[in-house]
Amino acid sequence: MPDFSGIRDAHDTLLRKTWTAFDEALNETATKMHFQRIVGTYVASAQGAGRFYSEKLTEARTLTAKLANEARDEDRDAPAGFESKAQRARQFAADLAIQAYALLAAAEGAVEAYLQITGEDWKPYVAPSETESVERKSAAAELGAFG
């Protein structure tokens, strides 16, 4: 099993050292934007790994359940000494679980570093919707009519 706290701490330290290396090159806004994107990449990677693991776990469970059906010849176990398709699927899912766990640790470290660097909790960037800008323009026009 991967060292969750070790991976988490390493990524926290990595991002803080990166921030320190910028020295005075980035202002507060640029720092927030830059690290928002970097942390977003770590989080997206962990989420993608988690989703992929979930899909492969479901496939492994389905294949394993088919082995219990005595009426289906095509789902029979492999010959002695060989891995079955279900066994390979279970092993692949297990490997993916370890990877997803490690990537989650990295993402948590990055999120913690973002808090220490910016003083704010990390939140995923959401682009303003077109509706929002239309509503703002409308509100500004209405307020402009009064003044």
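Taking all protein chains as shown and a probe of 1.4 angstrom, Tyr101 keeps an accessible surface of around 80 Å². For the chain, compute the number of Lys pairs whose alpha carbons are separated by less than 19 Å, excluding pairs fewer than 8 positions apart on the same chain. Total qualifying Lys-Lys pairs in the chain comes to 5. Under the criterion of Cα pairs below 8 Å and six or more residues apart, the relative contact order for the chain equals 42 percent.
Among the protein heavy atoms, those of Lys32 account for about 50 Å² of accessible surface (1.4 Å probe, every chain in place). Computing FRET efficiency as 1/(1 + (r/R0)^6) for Asp121 and Asp95, where r is the C-beta to C-beta distance and R0 is 25 Å, gives about 0.20.
Residue order by solvent-accessible surface for Leu143, Leu63 is Leu143, Leu63, largest first, with ligands and nucleic acids left out and a 1.4 Å probe.
Here Val126 sits with roughly 120 square angstrom of accessible surface, probe radius 1.4 Å. Classify the chain from the C-alpha gyration tensor, please: rounded if a/c falls under 1.5, else prolate or oblate depending on whether a/b exceeds b/c. Cα axes put the chain in the oblate bin. Compared with the alpha-carbon gap, the fully stretched path from Lys66 to Ala141 is longer by 20.6 nm at 0.36 nm per residue.
The listed peptides 46-58, 13-25, ordered by packing as a protection proxy, come out as 46-58, 13-25 (highest mean of other Cβ atoms within 10 Å first).
The values are calculated or read from the model by the stated rules, or taken from the named source; none is laboratory data. Here the structure is a predicted model, which means the values were calculated and not measured. Backbone-built Cβ (ideal geometry, glycine too); neighbour counts: all protein chains shown. Surface areas here come from the heavy atoms of the whole protein model, side chains and all, with no ligands, DNA or RNA. Shrake-Rupley method; radii C 1.70, N 1.55, O 1.52, S 1.80 Å.
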